[in-house]
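Q: My structure is below; once you've seen it, I'll send some questions.
The values are calculated or read from the model by the stated rules, or taken from the named source; none is laboratory data. Being a predicted model, the structure only gives us computed values, none of them experimental. Note that each Cβ is placed from the backbone with ideal geometry, even for glycine, and that neighbours are counted across all protein chains shown.
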């Protein structure tokens, strides 16, 4: 009789908005670490192309369509993950937008503000609510919210901060709201194995920043991936003084 074989449990991760930029690199690096990654994107064609590119590198990556502003679409994604995997270990809320009509409170486009809040805050909230039952099936669920230092009330009130003059009320407010979501999630889930973290990847050379960043997506993805791969036995306080975890 052959000895019984034991298979190591592979972590299941969903990364929203990951057909390009930081999200793509997060998906890639998670897969390189041995995670089974669901590459989430609103556009099916672009998402499949991105997932196939990583799969062709021998990585365990597959496409899943998810539009964070479409509750029916989110529900379909939940059903797919439940049927295929029965749980979710890592949720990276990466999908986000900036609107070039945004600006100072007195003259910003209200439509731009609504759009940014809908995508950057309400979208992740909707995804989290829908995915929580699957995250509760994980032995150590992790929610990583890709935020921005522009959402930090502490930094926005510091005239010495290098980005103090970046006054984009819609974008900044959407990321501040996302940080509040992280804080309240941890309070709500304190008696569970699920942890939420807001992470700032820095100013990254991507479409969203107009390619103004001082780092590339592969560099920016490293810290969120490091946080996402923490286990229940790791001590989160190790990371509190590093640039990636936001001063709120």
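Q: Applying the selection to the stretch 125-169, what residues are in a helix (DSSP H, G or I) and over 19 Å from the mean Cα position of the chain (by Cα)?
A: Residues satisfying the conditions are 153, 154, 155, 156, 169.
Q: Still on this structure, please answer the following. Could we say that residue 59 is buried (at least 17 other Cβ atoms within 10 Å of the Cβ), in contact (Cβ under 8 Å) with a residue 12 or more places away in the chain and farther than 29 Å from residue 173 by Cα here?
A: yes
Q: Something else: Kindly establish whether residue 192 is under 28 Å from residue 138 (Cα atoms), modelled with pLDDT of 75 or more and surrounded by fewer than 20 Cβ atoms within 10 Å (Cβ to Cβ).
A: The answer is yes for residue 192.
Q: Restricting to the stretch 82-97, what's the tally of residues that are surrounded by fewer than 21 Cβ atoms within 10 Å (Cβ to Cβ) and either on the phi < 0 side of the Ramachandran plot or touching a helix residue (DSSP H, G or I) at 6+ places or on another chain (Cβ under 6 Å) (or both)?
A: Result for the stretch 82-97: 6.
Q: At pLDDT 95 or above, in contact with a strand residue (DSSP E or B) (Cβ under 7 Å, 6 or more places away or on another chain) and closer than 21 Å to residue 23 by Cβ: does that describe residue 246?
A: no
Q: Considering every residue within the stretch 107-119, establish whether at least one is in contact with a helix residue (DSSP H, G or I) (Cβ under 6 Å, 6 or more places away or on another chain), part of a helix (DSSP H, G or I), at pLDDT 95 or above and within 21 Å of residue 189 (Cβ to Cβ).
A: no
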